Amino acid sequence: MTSQVEAFLQANQAIEIHQAEPLSLYTFTKTGGPADLLALPKSVAEVRQLVASANELTLPITIIGNASNLIVRDGGIEGLVIILTAMNQIKVEGNLVTAQAGAGIIQTSEAAYSGSLTGLEFAAGIPGSVGGAVFMNAGAYGGEISDVLTRVDVLMRDNQVQTLTAADLDFSYRHSLIQDNGSIVLVAYFEMATGAAPAIRARMDEVNALRAAKQPLEYPSCGSVFKRPVGHFVGPLIQKAGLQGHQIGGAQVSKKHAGFIVNIDHATATDYLTLIEYIQKTIWAKFNVRLEPEVRIIGQHKQG
């Protein structure tokens, strides 16, 4: 790996790259091991250059958005990690909002509001990036990305840029084709209806007030941990099982919202994952309901 790393760095001197960078500095849980190489590209051209170099040197590539709905295992990530948050331009033209993958979905919803465009109010408090939101078809309070997205520019595995329509993306609950085909979201295009700015602002404020009232925003967390099982709500299930407040290491089932796990005392990713597994086993044993993680879990287990 050492010679590969040296060759990679040599080929990409103009791009910001860190070696052995702790990903706990970037994740919303404040946990996670190091990336062998962490790149922070500022343009599509730089992303393509990074991918070309990594492919040539057979370095595995991992894309991370805003690292909000993500757990990186304590062993970190081998090869190249690319974080796109420096690619964050947003443009409003008529009824179209164009946002680069690294732009915050909160900032994108604010841009839509500034253009009196309605449809992204549900995203007013979602802390993820546009790319991550497309990747998982993020949603809240009755809305989903698939409701307003018209197309995306993506970098395919062969390092060619393609445009995919919303229909191409095979959207479903917390799923998109991006999860299956290994492509990288570069730019997203949202087409929305014109609305009354005061009503748009009022709905955004309402959504943010609901989040603040119900969610444990005062602690590091990975957001909603589990997908909603058919016929059930996650929080009440966990409450009925007597798990609210249950703690393993520094990770705790939130006392404010049982669907969240919070880092209350220097938790590790292993604490999170052990607690997730414990919740899953308990809910299955008590209610015969299988909880599937919504949070994306990546990286290597820590050795020793």
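Only the coordinates and a few stated rules stand behind these numbers; no lab work does. Small disclaimer: the values here were computed from a predicted structure and weren't measured. Heads up, the Cβs are rebuilt from the backbone with ideal geometry, glycines too, and the neighbour counts pull from every protein chain shown.
Comparing mean-square fluctuations of 36, 180, 271 from a GNM of the chain with C-alpha springs under 10 Å, the top value falls on 180. Amide H contacts of residue 289: 284, each under 5 Å away and 5 or more positions distant or on a separate chain (H built 1.01 Å from N in the peptide plane; Pro and chain starts excluded). Classify the stretch 93-154 as rounded, prolate or oblate from the Cα gyration tensor: take a ≥ b ≥ c as the square roots of its eigenvalues, call it rounded if a/c is under 1.5, otherwise prolate when a/b beats b/c and oblate if not. Rounded is the answer for the stretch 93-154, as its axis ratio a/c remains below 1.5. Here the Debye sum runs over all C-alpha atoms of the stretch 1-83 as equal scatterers in vacuum, and log10 of I(q)/I(0) at q = 0.20, 0.24 Å⁻¹ comes out as -0.85, -1.15. Helices assigned as whole DSSP H runs in the chain whose Cα atoms extend at least 15 Å along their own long axis and whose mean Kyte-Doolittle hydropathy is -1.0 or higher are found at 44-56, 197-214, 269-287. The relative contact order of the chain comes to 18 percent, based on Cα pairs under 8 Å that sit 6 or more residues apart. Using the Cβ-Cβ distance between residue 156 and residue 287 with R0 set to 35 Å, the FRET efficiency from 1/(1 + (r/R0)^6) comes to roughly 0.25. Averaging the Cα positions of each part gives two centres, and for the stretch 20-34 and the stretch 236-252 these lie 24 Å apart. Annotation: amide H of residue 117 within the under-5 Å range of 195, sequence separation 5 or more or interchain, hydrogens built in the peptide plane. Here the extension length gained between residue 95 and residue 201 equals 36.4 nm, from 0.36 nm per residue of separation less the Cα-Cα distance.
In plain terms, the C-alpha convex hull of the stretch 216-298 casts an average shadow of 4.9 nm² when viewed from every direction.
Just checking the listed ones, 103, 35, 213: in the Gaussian network model of the chain with Cα springs under 10 Å, the one fluctuating most is 213.
Compactness of the stretch 90-212 is given as radius of gyration and Dmax, 13.8, 46 Å, from Cα positions. Per residue, the chain reaches -8500 deg cm²/dmol at 222 nm when only DSSP H runs of four or more residues are counted, each adding -39500 (n - 2.57).
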